[in-house]
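Working notes for the structure below.
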Amino acid sequence: MKSVFPKTDWRGPSNARAWLGMGWAVLIWAAGFSSAQTAEITPEQRAFFENKIRPVLVKECYECHSEDSKKLGGRLKLDSHFSMMKGGESGPAMQPGKPDKSILIQAIQYDGSEMPPKKKLPDHVIRDFVEWVKMGAPDPRTEPKGGKANESGASRNLDWWSLKPVQDPQVPSAEEGGDWAKDPLDRLVLQKMRSGGLHPAADADPAALLRRLSMDLTGLPPAAEQVEQFVAEHRREGREALARWVDRLLASPQYGERWGRHWLDVARFAESNGDDGLGRNPNFPHAWRYRDYVIDAFNRDVPYDVFLREQIAGDLMGDPPGPERDRRLVATGFLAVGYKPCIAMNNNFAMDVVADQIGLIGSGVLGLSVGCARCHDHKHDPITLRDYTALAGIFKSTDTLWGAAGYEPLSAPQTPLHELTAAPWVAVPAAEALPKVVRQEHKRPTKGKFDPAPGAPVAMGVREAAEIADIRVHIGGEAGRLGDLVPRGVPGLFRTEALANVSLCPPRSGRMELVDWLVGEALPLTSRVMVNRVWQHLFEEGLVRTPDDFGVYGDQPVQRELLDHLAARFVREGWSVKKLVRAMVMSRTYQMASAPSEAARFTDPENRLLSFHPRRRMDGEALRDAMLAASGELKLERPAGSLLQHQNVLVNEMGDLHRTSPHRSVYQLMLRGAMPPELSVFNEPDALKVKGKRDMSTVPTQFLYLLNNPFVVEQSRRFAERVLAAGGSDSDAVGLVYRRAFSRNPSDSERQGVLGFLADMERELEAAEPDSKRRRVSAWAALCQSLLASNPMRYVD
């Protein structure tokens, strides 16, 4: 056989290096060939594949390109990563990281070949595939053995830790906790910490502790006067003073705004639909009512089990017309505010709405990716296609009310809205109040029987459908391929005795029974998932670090006994979120300093053993609010309604609809595909799916935002003007700047350094700005901006 390699004497030094180089090249190629398969896949990458890639492959590709295909097209299989990389007649289906050179991407873009041949995929699906290949095509699938499909998770993994009943562990005695432990959770933490050879960090400085508490509980920094008062009271009274201040923060209206925002991430809240597949983005002018409901529910400390019941079945709770019924109708917006595809391009529209709602219950409440079972039995968690169909019947028997969507042929069909009887009317501004570009381009859709009167008190939500019935299995997730009829119900693994082998009969959809199951003693996930979410918001990371995935591919908790203790305690104390938060922040674990010991840095850098409190960067909302507070511009009262109350607007056609507002960031206009620029640069979720844990990135655009963004520049100038208007010496003004920005006085060296900086700035500005007053304001504005962009402003110890 003729050699494919050149005839070369490999024994010389240079040729030996050449051969070694060739060998390394082959090894590198081989590694690249399988890197996406063998490299560890992050939970986010796995979720991306399971939610956006696998369902499309199953639905659009497997009929001709899988192990079970009757006729294999182009000798190409797409049902495993290995098969995709091995390729068919035209070579490998993709080059990870290089979508422009990947045959699969070219085919779905109809560039040369055209796949699928019957109809091009929607643009947003193509974009998902391009993004997947860009990230290296992470793929959790394994090669089928002996031509058999992978074993379904529905037939295994029944002994997984999160599926077992919550077991309240025996807490170490008070003597074992010594003087350090102040709460039973401290004793569990200390026991695990000592088993790892570590010791608790020192207590946080009282001033740092109050700032931590204030940011965590209200999302706002304390005033310098409050810090001074707290430090003095803490020195005199210790934990009694601390408890008093914690209770004051929990009773603040700003508590609900902070913690309501956390839940809105889970509820994928937004005030527009997002790209419907044809580049259109209709607004949701009534979504703000659900936002306000969530904020009020946290301030009222509505028990979490009731909170879920109101959001899933509030319309079925039997309240007479009045404020309480209105509130619960608004609560069902939880199921209505999600993204909806374009019906003109999609014969699966109704089931796509159902899939969004099932995904919300699965990831948001249960911490399980139930949506993976839409097309087939779940590949790694024990949820079957029949389980999914049983849940789908509940939501198919439910009407989703998102309102008059406008442009009915090109978007979702028009629907009614909940009519409220006691809710306040919110005046809709006249057309003249719209920005000029909106007045010019706004198109009025044809009036339909569901366009509500301007200002009418209506709300998004759900109600019982006119036809309540079980549905058939959708084979491969397709509406046109139907299998067996499946009774409405809950996943078989978790059925309570009351629901076992019993269908949810007419005339009810089954939503009320679904909530009974979600908060029942037989289900071990609901309390664990919520407790974990609360812990994450106070300690940066959850005890389970994949808060939306407690399944087989999610994180496993090191502190499992602590998680179960808190879950059992949460239920025992009436599902009160405020009590849970209070217990956590009053613990010694929460009150530790943020400086780890050398031993902790070396043996536990991820702080799994909780030997110190993590230093954290503010999220976008907290940073924006802190800037407004420092400049004196922040308005704490709630605005009336939405900042965009107009109906039937395609926001993508109307330029920038974000207007300057001094209100808290939770009330900013949240438009899918066009989030507020002050927030999106700091990882604001896109609201397309449940997002219990925000991405955390550090990129140059964040620095450029702090340097150039008009909002930051304007707040810096107003900050400076307010400080200078107070009068006094420059030294006094420096003190005021520090007190407003950092809630403390500057040190002597900081004061002298700042005064020198101001003198230098005024000299540099002299040539460009002859007016001494304006030059002075500009120099002080530069100082204020540098402090607003600094680490002490953006981080919480």
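The values are calculated or read from the model by the stated rules, or taken from the named source; none is laboratory data. Not measured: the values here are computed from a predicted model. Glycine also receives a Cβ, built like all others from the backbone with ideal geometry; neighbour counts cover every protein chain displayed. Ligands, DNA and RNA are stripped out before the accessible areas are found, and what is left, the full protein with its side chains, is counted by its heavy atoms. Shrake-Rupley method; radii C 1.70, N 1.55, O 1.52, S 1.80 Å.
Most simply put, the chain has about 95% antiparallel DSSP beta bridges, counting only bridges with both residues inside it. Using alpha-carbon positions, what is the distance between the centroids of segment 277-328 and segment 719-797, in Å? One Cα centre to the other: 45 Å. Straight-line reach from Lys689: taking Cα to Cα under 15 Å and skipping same-chain neighbours fewer than 8 places apart, the aspartates and glutamates in range are Glu44, Glu50, Asp128, Asp265, Glu271, Asp275, Asp276, Asp352, Asp356, Asp548, Asp549. Shown here for segment 67-139: chymotrypsin sites (Phe, Trp or Tyr not before Pro) in loop regions (DSSP other than H, G, I, E, B) with at most 15 other Cβ atoms within 10 Å, namely Tyr110.
The value obtained for segment 575-711, namely the Cα convex hull volume divided by the number of residues, is 196 Å³ per residue. Kirkwood hydrodynamic radius for segment 649-748: how many Å is it when counted over pairs of different Cα atoms? Taking every pair of different Cα atoms in segment 649-748, averaging 1/r and inverting gives 16.5 Å. Excluding residues fewer than 8 places away in the same chain, name every one of the aspartates and glutamates whose C-alpha is closer than 12 Å to that of Lys164. Correct list for Lys164: Glu521, Asp564.
Sites listed here are GluC sites (Glu not before Pro) in segment 557-608 whose DSSP assignment is loop and whose Cβ has at most 16 other Cβ atoms within 10 Å: Glu573, Glu606.
With all pairs of separate Cα atoms included, segment 572-619 yields a Kirkwood hydrodynamic radius of 12.5 Å. Diffusion coefficient (Stokes-Einstein, Kirkwood radius over C-alpha pairs, 20 °C, 1.002 mPa s) for segment 597-641: 156 µm²/s, rounded to a whole number. Solvent exposure of the chain amounts to 44 Å² per residue of accessible area, where only protein heavy atoms count and the probe is 1.4 Å.
Straight-line cross-link partners of Lys134 among the aspartates and glutamates, defined as a Cα under 12 Å from its Cα and at least 8 positions apart when in the same chain: Asp100. Among 46-58, 370-382, 703-715, the peptide with the highest mean count of other Cβ atoms within 10 Å heads the list, and the full ranking is 370-382, 46-58, 703-715. Using only side-chain charges placed at the Cβ, +1 for Lys and Arg and -1 for Asp and Glu, the dipole size of the chain relative to its Cα centre rounds to 1200 debye.
According to the calculation over all Cα-Cα pairs in the chain, the P(r) per 20 Å bin from zero is 14, 43, 34, 9, 0 %. Scalar couplings 3J(HN,Hα) for segment 481-489, obtained by applying the Karplus form with A = 6.51, B = -1.76, C = 1.60 to θ = phi - 60°, are 10, 10, x, 5, 6, 10, x, 4, x Hz; x denotes Gly and Pro. Restricting the trypsin sites (Lys or Arg not before Pro) of segment 302-358 to loop positions (DSSP other than H, G, I, E, B) with no more than 14 neighbouring Cβ atoms within 10 Å leaves nothing. For the residue pairs Lys52/Lys101; Lys52/Lys691; Lys192/Lys379; Lys340/Lys635, the alpha carbons lie more than 25 Å apart in Lys192/Lys379; Lys340/Lys635. Relative contact order, whole percent, for the chain stands at 15, derived from Cα pairs under 8 Å and 6 or more residues apart. In the chain, helices alone account for a calculated mean residue ellipticity at 222 nm of -12500 deg cm²/dmol, with every DSSP H run of four or more residues adding -39,500 (n - 2.57). Return the carbon/sulfur percentage of the accessible area of the chain, one whole number, probe 1.4 Å, all protein chains in place. Carbon and sulfur: 54 percent of the exposed surface of the chain. As an equivalent ellipsoid, segment 293-349 spans semi-axes of 27, 13, 10 angstrom, where each value is the square root of five times an eigenvalue of the C-alpha gyration tensor, largest first.
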